[in-house]
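Enquirer: Got a structure for you, questions after.
The values are calculated or read from the model by the stated rules, or taken from the named source; none is laboratory data. The shown structure was predicted, so the numbers you read here are calculated from the model rather than taken from an experiment. Quick reminder, even Gly has a Cβ in these numbers, built from the backbone with ideal geometry, and neighbours come from all protein chains shown. Areas reflect the complete protein model, heavy atoms only, side chains present, ligands, DNA and RNA absent. Shrake-Rupley method; radii C 1.70, N 1.55, O 1.52, S 1.80 Å.
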Amino acid sequence: MQSSPVDPTGAMSERHAGFVESLGAFARQHRARAWQGDFGDFLTRVLPANPAGLARTSHQYLWDMLRWYGRESPGDDEHLKARELFRRELFGIDAPLGRVADYFKAAAAGSDVGRRLLLLLGPPSGGKSTLAILLKRGLEEYSRTEEGAVYAIAGSPLHESPLNLVPASLRAEFRASYGIDVQGELSPWARDRLLREYDGDYLRMPVERVFLSEATRVGVGTYAPHDPTTADIADLVGSVDLSKVAEVGDEGDPRAWSWSGAVYAASRGLLEMIEILKVKREFLYLLLTLTQEKNVKVSRFPLIHLDETILAHTNLAEFHKFLQEKENEALLDRMVIIRVPYALSYHEESRIYAKLVAGAPAFRDVHLDPHVLKLAAVFAILTRLVKPEREGLDLARKLRLYAGEQVEGFAANEAERLRAEVPDEGLSGVSPRFIVNAISNAITRSDARSLTSMELLLALKDAIESDARMDAKQKRAWIDFLVTARKDFYNRWVKEDVHRALFASFEEEAQQLLEKYLDEVEASLDNRQVRDPISGENRPPDERFLRAVEEKIKVSDSGKQSFRQEVVRKAMVAFKAGEKFRLSSHSRMNEAIEQYLFAERRDVLRLVTSSARPDDDARAKISAVQRRLVEEYGYDEHSAREALNYVTTLLAQE
């Protein structure tokens with residue numbers, strides 16, 4: 001057997017020892033939180049400390065879990081706090097997450113929403129499954145805390161609440177004693193055990209603390225449909241176990257029943273139904289009756305009480321097929337449907353790719369230039385947008401509005417209006433999986449451990465052209481989106497990087513230009529002269545300079561006064577707050593000043609980068625630019641060289 005490598009510094013062994021200690025502490029903590037006793041002990045020692053918490057419904061438990069995750073979030077908005085569980089994994093779908101939080105809040109409050117099945121509807125790879133997984137993980141972690149403690153009748157395959165042991169005739173007295181209502185009923189399994197093993201003595205019935213876990217089938221269940229023609233409802237509710245019938249002698253004995261169905265595993269917690277609309281209609285009726293009546297009916301037994309939240313998800317094709325069948329209208333009335341579209345902000349979409357790339361071993365040693373993921377996200381969002389009908393608004397401008405950027409001629413809240421006009425936007429288009437697959441293929445084909453933005457565009461073009469699912473018209477449209485992403489976004493980003501890297505004092509020069517612009521604008525608005533700092537003479541405001549800056553962001557001559565007044569107003573706000581008015585204070589001024597500076601320095605940049613046989617001075621400047629691109633702007637040597645060559649080509653075309 002090969003021995004483990006030795007770390008001469010001891011650092012590796014220290015890390016190993018640290019993990020072993022953490023694992024040991026986790027196991028000790030878990031054992032310390034375990035509890036076992038009988039129902040009498042539970043009533044006297046456990047229940048009085050937290051009666052309301054131990055009588056929670058599944059919806060109340062899930063809502064409390066969501067708020068527990070957001071307990072340390074700043075602010076008082078409980079809806080924002082309730083979304084904290086999802087923040088590190090799901091990006092760009094805040095509105096659907098808010099509606100999910102609203103569902104649990106309303107259901108926890110006892111409204112009729114709690115009697116509805118929650119259905120997530122959206123395109124593939126849009127985050128539906130991840131949302132369900134996060135809820136299940138959240139339940140597992142919360143159940144290990146004191147706030148999330150769950151107690152059940154020991155050994156029950158339904159992990160049913162020990163409070164169900166309270167006889168119906170004593171529940172009014174129980175409410176008066178503990179201040180809580182008991183809503184559940186004993187399962188056939190628990191009732192049989194109570195009578196057979198404990199002679200009906202409720203106080204002797206064993207109780208234990210349980211920890212929700214999908215792996216152990218406690219409080220978390222998942223059902224994935226297979227062939228509808230062979231699917232058996234026993235997968236949900238169990239069936240007679242013939243091997244046990246021989247032992248107990250009666251098929252109607254609870255001991256002869258296999259309690260392995262998914263609805264029993266999810267009791268007290270969450271049942272995830274994957275692609276729910278692919279199941280038989282009898283499955284749907286059973287599940288919807290369970291959500292509405294909190295019970296299921298199986299042969300040989302009376303109604304079985306179950307309290308669980310059902311979270312289902314499906315794709316658009318299955319949902320549209322379901323809508324076409326009129327007999328499904330009654331089923332739809334018993335569902336709360338939340339659409340989960342793709343992200344429509346390229347900033348949020350790029351975070352999805354960053355998460356997927358970070359978790360893929362193939363990408364760990366690969367350098368991505370600083371615009372690869374953003375550029376891929378721009379292309380993806382373009383495929384998801386509906387072409388706007390408003391004058392002066394194209395897809396690129398719409399994309400920028402959705403990303404929270406300022407666009408000439410449109411108010412900051414215009415994005416909300418545009419979303420409201422097209423509620424189905426984001427339910428189609430390219431998926432994150434398509435993008436990541438293209439990135440992976442590009443890396444696999446390349447010998448270099450580096451991927452540039454231009455190489456990404458070529459990889460996406462190849463993925464589009466080789467996709468057999470798309471017709472020629474759609475392929476042409478998507479390739480056009482690649483061109484838009486390159487021309488309207490990447491070209492600007494990469495030119496700014498090279499420009500800043502060439503002129504090390506860029507930020508200082510830009511701030512000086514901003515201050516000059518403010519001086520000239522204030523003088524222009526006040527109809528006064530400007531004192532020249534060099535000659536000391538008074539002169540009129542430099543209108544030529546002002547328009548040269550403003551035209552960079554297409555401020556019209558008729559609109560210049562309102563634009564200037566807005567800039568001065570923001571500068572005054574900063575001044576009153578004791579802050580310096582900077583480029584970051586006004587995004588459009590930032591863009592205008594940067595473009596003005598770039599135009600002013602373009603000839604220098606072209607001279608340095610395009611010389612076929614550069615002299616020592618030009619060679620030194622090129623080397624310095626590449627070094628700054630690597631050290632300050634996130635490039636590596638390969639991508640820095642490619643960026644510089646690309647910008648040189650762009651300048652030659654202008």
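Enquirer: Any residue in the stretch 631-654 that's at pLDDT 90 or above and in a helix (DSSP H, G or I): show its pairings with residues that are of a type in the set (D, E, K, R) and open to solvent by 80 Å² or more (accessible area, probe 1.4 Å) at Cβ separation under 9 Å, as long as the two are six or more apart or on different chains.
Expert: Close Cβ pairs (under 9 Å, with a partner that is of a type in the set (D, E, K, R) and open to solvent by 80 Å² or more (accessible area, probe 1.4 Å)) amount to His638/Arg449; Ala640/Arg627.
To keep it simple, each residue is scored yes or no on (1) assigned to a helix (DSSP H, G or I); (2) open to solvent by 40 Å² or more (accessible area, probe 1.4 Å); (3) in contact with a helix residue (DSSP H, G or I) (Cβ under 9 Å, 6 or more places away or on another chain).
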| residue | (1), (2), (3) |
| --- | --- |
| Gly184 | no, no, yes |
| Leu195 | yes, yes, no |
| Asp232 | no, yes, no |
| Val245 | yes, no, yes |
| Arg255 | yes, yes, yes |
| Tyr264 | yes, no, yes |
| Phe283 | yes, no, yes |
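Enquirer: Right, Leu170: within 23 Å of Gly261 (Cβ to Cβ), open to solvent by 10 Å² or more (accessible area, probe 1.4 Å) and out of contact with any Lys or Arg (no Cβ under 9 Å at 6 or more places or on another chain) or not?
Expert: So Leu170 does not fit the description; no.
Enquirer: Every residue in the stretch 70-86 that is modelled with pLDDT of 85 or more, in contact with a Gly (Cβ under 9 Å, 6 or more places away or on another chain) and either open to solvent by 40 Å² or more (accessible area, probe 1.4 Å) or not small (Gly, Ala, Ser) (or both), please.
Expert: Filtering the stretch 70-86 for residues modelled with pLDDT of 85 or more gives 70-71, 82-86.
Now drop any that are not in contact with a Gly (Cβ under 9 Å, 6 or more places away or on another chain), which leaves 82-86.
Passing the criteria: Arg83, Glu84, Leu85, Phe86.
Enquirer: Next up: Mind checking which pairs have a first residue in the stretch 32-48 that is more than 14 Å from Ala149 (Cα to Cα) and a second that is open to solvent by 50 Å² or more (accessible area, probe 1.4 Å) and modelled with pLDDT of 95 or more, Cβ under 6 Å, 6 or more apart or different chains?
Expert: Filtered contacts from the stretch 32-48: Asp38/Arg204; Phe39/Tyr202; Phe39/Leu203; Gly40/Leu203.
Enquirer: Given the criterion surrounded by 12 or more Cβ atoms within 10 Å (Cβ to Cβ), closer than 29 Å to Lys560 by Cα and either without any contact (Cβ under 8 Å) to a residue 12 or more places away in the chain or among the aliphatic types (A, V, I, L, M) (or both), identify the matching residue among Val483, Val530, Val498. First the steps, then the outcome.
Expert: Details: Val483 fails: closer than 29 Å to Lys560 by Cα; Val498 fails: closer than 29 Å to Lys560 by Cα.
So the residue among Val483, Val530, Val498 that is surrounded by 12 or more Cβ atoms within 10 Å (Cβ to Cβ), closer than 29 Å to Lys560 by Cα and either without any contact (Cβ under 8 Å) to a residue 12 or more places away in the chain or among the aliphatic types (A, V, I, L, M) (or both) is Val530.
Enquirer: Within the stretch 241-270, which residues are touching a Phe, Trp or Tyr at 6+ places or on another chain (Cβ under 7 Å), without any contact (Cβ under 8 Å) to a residue 60 or more places away in the chain and hydrophobic (A, V, I, L, M, F, W, C)?
Expert: Ala262
Enquirer: Then there's this: Has the stretch 465-486 got at least one residue that is at pLDDT 90 or above, of a type in the set (Gly, Ala, Ser), in contact with a helix residue (DSSP H, G or I) (Cβ under 8 Å, 6 or more places away or on another chain) and within 19 Å of Asp636 (Cα to Cα)?
Expert: no
Enquirer: While we're looking at this one, here's another question. Restricting attention to the stretch 421-441, report how many residues are farther than 11 Å from Ala459 by Cα and hydroxyl-bearing (Ser, Thr, Tyr).
Expert: 2
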